[in-house]
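To start, the structure under review is shown below, and the notes come after it.
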Amino acid sequence: MRPPRPDSGQSTPSSVSRRHFLASGTVAAGATLAGAPAGAAPVLVAQAAPVARGFDPADPALKYDLVIANGDVLDPGSRVRGRRDIGIKNGQIAVLSTTTIPNERAFQRYDAAGKLVTPGLIDLHTHYGPLISGIGLPSDELVPITATTTGVSAGDAGANTYGALKHWVIGQARTRLYAFVHISSIGLAGGLAPGEMLNIDYANVDACAKTLAENPETVLGVKVRITDNVVGTNGVEPLRRAVRAAQLAGKDFRVMCHIGAAPGRLADVLDLLRPGDILTHSYSGAGNNIVQNGQLIPAARAAKQRGVVFDVGHGGGSFDFTVCEPAMMQGAHVDTISSDIHAVSINTPGYPTLPWVMSKFMALGLSLEEVVRRATAEPAKIIGRVPGLGTLAVGAPADVAVFDYVDGPAVEFVDTRNNRKSGTKRLVPVLTVKGGRPFGVPYPFPFVY
């Protein structure tokens with residue numbers, strides 16, 4: 001069954017109230033808010049429009065390196081939906097054609113008839129750091145189940161280990177990778193335990209700021225975990241230091257703050273976050289959370305209103321349907337959908353691959369277009385370094401995901417607190433292309449990352 005088009009006016013199986021809060025949308029991850037305080041995190045408004053390089057897409061003699069033909073293209077970032085042939089040349093999108101591109105104009109051709117075609121997924125919270133952290137996974141090996149062409153390492157490395165992440169992980173992956181540097185100089189070398197912030201001396205502000213400032217091409221900001229068994233008696237001091245490090249490094253750096261069972265009041269954590277900073281595990285049911293007694297706490301509403309980005313970060317213990325649904329209904333709508341995939345979480349019943357997490361949000365009532373936007377165009381705004389990233393615009397990187405969009409029969413989705421929700425719609429990866437090169441199928445010479 002083909003899903004309703006975003007502008008079709010067709011109803012979804014959600015209730016009127018849910019439909020209302022979903023349609024109301026959210027403060028975009030890249031929106032600018034007036035009145036931001038001095039030293040506020042950057043909120044990148046828009047990227048420069050991509051420009052096709054080295055060829056004329058209108059040239060009828062142009063031969064494409066790869067054509068993805070006959071797909072049902074959904075690109076929220078460019079507001080494109082419908083049947084298209086995608087022509088790829090020199091690692092970038094050369095054309096989106098409503099007519100068929102002849103076979104003789106393609107070196108390689110993939111027939112996506114009956115498939116959903118989107119920009120390659122962008123996962124804002126991953127642990128793609130094998131040999132760097134105790135929970136790291138290899139990004140390229142996961143592509144068949146993640147459809148992720150761009151991932152962000154969420155604090156696997158700190159100042160003392162970032163060089164290893166940059167050269168041995170980012171530098172050797174086909175997947176486009178960025179990172180948040182942990183405020184703890186040792187990063188997540190020990191895995192999830194013991195807590196890397198039990199010793200506050202690891203939170204070296206100057207070393208962290210230096211790492212950010214010297215690596216702006218790959219580093220997005222500072223990661224910090226604020227959970228009682230991670231920080232011990234240090235409370236929110238690691239977060240204060242993370243904010244200070246981001247400020248010292250310059251205006252282009254954000255803080256990504258992990259919440260679980262927060263030490264003390266969760267409001268004390270939320271109040272420290274600046275416009276553009278990222279709250280990850282926003283809908284966690286572990287200990288303190290943003291919904292108390294069925295109500296969104298005032299500090300969470302205030303954070304959302306001033307432009308804090310609400311990220312999912314599903315993971316193995318950080319996503320609760322009973323927190324997420326009322327939070328979104330009451331004003332804390334999801335901004336970015338991310339997986340928090342790592343060596344522990346991938347083996348949990350919640351199965352946090354990004355397409356599966358996106359499917360859970362369709363079970364919560366979001367439309368297909370909404371979940372794709374929150375896993376492509378919105379996280380691309382936060383990255384803010386590659387024109388056209390997260391879209392299929394002409395001149396954009398040729399990062400493409402092809403899915404079976406399955407509608408029925410119903411399946412049961414499980415969160416990390418063993419709550420269950422039934423849904424019929426899900427995304428099943430079929431083919432992933434990064435920079436014009438498909439994963440898992442023969443590729444032409446020369447091969448480049």
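Among the residues making up region 410-425, a single one is among the acidic types (Asp, Glu) and either within 14 Å of Cys324 (Cβ to Cβ) or touching a residue at least 40 places away in the same chain (Cβ under 8 Å) (or both): Asp415.
Pairs are defined by a Cβ separation below 6 Å, a sequence spacing of at least 6 or placement on different chains, a first member in region 185-204 that is without any contact (Cβ under 8 Å) to a residue 60 or more places away in the chain and surrounded by 19 or more Cβ atoms within 10 Å (Cβ to Cβ), and a second member that is hydrophobic (A, V, I, L, M, F, W, C) and part of a loop (DSSP other than H, G, I, E, B); the pairs so defined are Ser185/Ala159; Glu196/Ile186; Tyr202/Ile186; Ala203/Ile183. Being in contact with a Cys (Cβ under 8 Å, 6 or more places away or on another chain), modelled with pLDDT of 95 or more, under 26 Å from Gly287 (Cα atoms) and aliphatic (A, V, I, L, M) is the requirement here; does Leu364 meet it? So Leu364 passes the test.
For region 284-296, indicate whether the set of residues that are part of a loop (DSSP other than H, G, I, E, B), of a type in the set (Ser, Thr, Tyr) and touching a His at 6+ places or on another chain (Cβ under 7 Å) is non-empty. Please lay out each step first, then the result.
Kept after step one, since they are part of a loop (DSSP other than H, G, I, E, B), are these residues of region 284-296: 284-290, 293-294.
With the extra rule that they be of a type in the set (Ser, Thr, Tyr), the set shrinks to 284.
Then drop every residue that is not touching a His at 6+ places or on another chain (Cβ under 7 Å), which leaves none.
No, region 284-296 contains no residue that is part of a loop (DSSP other than H, G, I, E, B), of a type in the set (Ser, Thr, Tyr) and touching a His at 6+ places or on another chain (Cβ under 7 Å).
Check region 244-262 and report whether any residue there is surrounded by 23 or more Cβ atoms within 10 Å (Cβ to Cβ) and in contact with a Pro (Cβ under 6 Å, 6 or more places away or on another chain). Checked region 244-262: no residue is surrounded by 23 or more Cβ atoms within 10 Å (Cβ to Cβ) and in contact with a Pro (Cβ under 6 Å, 6 or more places away or on another chain).
Can you say whether Asp320 is surrounded by 21 or more Cβ atoms within 10 Å (Cβ to Cβ) and either free of Cβ contacts under 8 Å to residues at least 60 places away in the same chain or more than 15 Å from the chain's Cα centre (by Cα) (or both), as far as the supplied structure shows? For Asp320, the condition - surrounded by 21 or more Cβ atoms within 10 Å (Cβ to Cβ) and either free of Cβ contacts under 8 Å to residues at least 60 places away in the same chain or more than 15 Å from the chain's Cα centre (by Cα) (or both) - is met.
Filter region 361-404 for residues that are in contact with a Phe, Trp or Tyr (Cβ under 8 Å, 6 or more places away or on another chain) and of a type in the set (Val, Ile, Thr); which is surrounded by the most Cβ atoms within 10 Å (Cβ to Cβ)? Give the derivation first.
To start, the set of residues in region 361-404 that are in contact with a Phe, Trp or Tyr (Cβ under 8 Å, 6 or more places away or on another chain) comprises 363-364, 368, 370-371, 374, 383, 385, 402.
Those left that are additionally of a type in the set (Val, Ile, Thr): 371, 383, 402.
Values: Val371: 24, Ile383: 20, Val402: 21.
Among residues in region 361-404 that are in contact with a Phe, Trp or Tyr (Cβ under 8 Å, 6 or more places away or on another chain) and of a type in the set (Val, Ile, Thr), the one surrounded by the most Cβ atoms within 10 Å (Cβ to Cβ) is Val371.
Look through region 89-111, keep the residues that are surrounded by 24 or more Cβ atoms within 10 Å (Cβ to Cβ) and among the aliphatic types (A, V, I, L, M), and return whichever of them is farthest from Gly195 (Cα to Cα). The extreme case among them is Ala94.
Of the residues that sit in region 265-302 and are of a type in the set (A, V, I, L, M, F, W, C) and under 19 Å from Arg374 (Cα atoms), which one is surrounded by the most Cβ atoms within 10 Å (Cβ to Cβ)? Step through it out loud before you land on a result.
Of region 265-302, the ones of a type in the set (A, V, I, L, M, F, W, C) are 266-267, 269-270, 272-273, 278-279, 286, 290-291, 296-297, 299-300, 302.
Subset that is under 19 Å from Arg374 (Cα atoms): 278-279.
Details: Ile278: 31, Leu279: 25.
The extreme case among them is Ile278.
The set of residues from region 254-283 being in contact with a helix residue (DSSP H, G or I) (Cβ under 6 Å, 6 or more places away or on another chain), touching a residue at least 40 places away in the same chain (Cβ under 8 Å) and in a loop (DSSP other than H, G, I, E, B) comprises just one member, Tyr283.
Put simply, of Gly264, Gly313, Gly317, Gly294 the only residue that is small (Gly, Ala, Ser) and touching a Lys or Arg at 6+ places or on another chain (Cβ under 9 Å) is Gly317.
Quick check, is Asn90 modelled with pLDDT of 95 or more, polar (S, T, N, Q) and out of contact with any Cys (no Cβ under 9 Å at 6 or more places or on another chain)? Don't jump to the end; show me each part of the working.
Values: modelled with pLDDT of 95 or more: no; polar (S, T, N, Q): yes; out of contact with any Cys (no Cβ under 9 Å at 6 or more places or on another chain): yes.
When the stated conditions are applied, Asn90 does not pass them.
Screening Arg420 against (1) over 17 Å from Thr118 (Cβ atoms); (2) crowded, with 20+ Cβ neighbours inside 10 Å; (3) not polar (S, T, N, Q) leaves a single unmet condition, (2).
Within region 256-310, restricting attention to residues that are farther than 18 Å from Gly331 by Cβ and of a type in the set (Lys, Arg), which residue is modelled with the lowest pLDDT? Within region 256-310, the match that is modelled with the lowest pLDDT is Arg265. Scan region 383-396 and give yes if some residue there is of a type in the set (Val, Ile, Thr) and more than 19 Å from Gly435 (Cα to Cα), otherwise no. Checked against the condition, which is being of a type in the set (Val, Ile, Thr) and more than 19 Å from Gly435 (Cα to Cα), region 383-396 yields no hits at all. Gly171 fulfils the conditions (1) under 22 Å from Gly388 (Cα atoms); (2) in contact (Cβ under 8 Å) with a residue 24 or more places away in the chain except for a single criterion, (2). In a residue-by-residue description of region 232-242, the property of being farther than 23 Å from Asn199 by Cβ and surrounded by fewer than 22 Cβ atoms within 10 Å (Cβ to Cβ) applies to no position.
Report yes if some residue within region 62-71 is out of contact with any Asp or Glu (no Cβ under 9 Å at 6 or more places or on another chain), of a type in the set (Lys, Arg) and farther than 30 Å from Ser185 by Cα; otherwise report no. Quick ask: steps written out before the conclusion?
Keep residues of region 62-71 that are out of contact with any Asp or Glu (no Cβ under 9 Å at 6 or more places or on another chain), which gives 64-66.
Then keep just the ones that are of a type in the set (Lys, Arg); that gives none.
No, because not a single residue in region 62-71 is out of contact with any Asp or Glu (no Cβ under 9 Å at 6 or more places or on another chain), of a type in the set (Lys, Arg) and farther than 30 Å from Ser185 by Cα.
Checking the stated criteria, Gly120 turns out to be at pLDDT 95 or above, crowded, with 24+ Cβ neighbours inside 10 Å, among the small types (Gly, Ala, Ser) and within 20 Å of the chain's Cα centre (by Cα). Among residues that are out of contact with any Asp or Glu (no Cβ under 8 Å at 6 or more places or on another chain), acidic (Asp, Glu), surrounded by 21 or more Cβ atoms within 10 Å (Cβ to Cβ) and in contact (Cβ under 8 Å) with a residue 40 or more places away in the chain, Asp407 is not included. When residues in region 132-151 are screened for being of a type in the set (Gly, Ala, Ser) and either part of a helix (DSSP H, G or I) or in contact with a Lys or Arg (Cβ under 8 Å, 6 or more places away or on another chain) (or both), 2 of them pass.
For beta carbons closer than 7 Å, sequence separation of 6+ or different chains, a first residue in region 371-397 that is free of Cβ contacts under 8 Å to residues at least 60 places away in the same chain and a second that is in a loop (DSSP other than H, G, I, E, B), the qualifying pairs are Val371/Ile337; Arg374/Val334; Arg374/Asp335; Arg374/Ile337.
The values are calculated or read from the model by the stated rules, or taken from the named source; none is laboratory data. Remember, predicted model here, so these are calculated numbers, not experimental data. In this analysis, Cβ positions are derived from the backbone assuming ideal geometry, glycine residues included, and neighbour counts consider all displayed protein chains.
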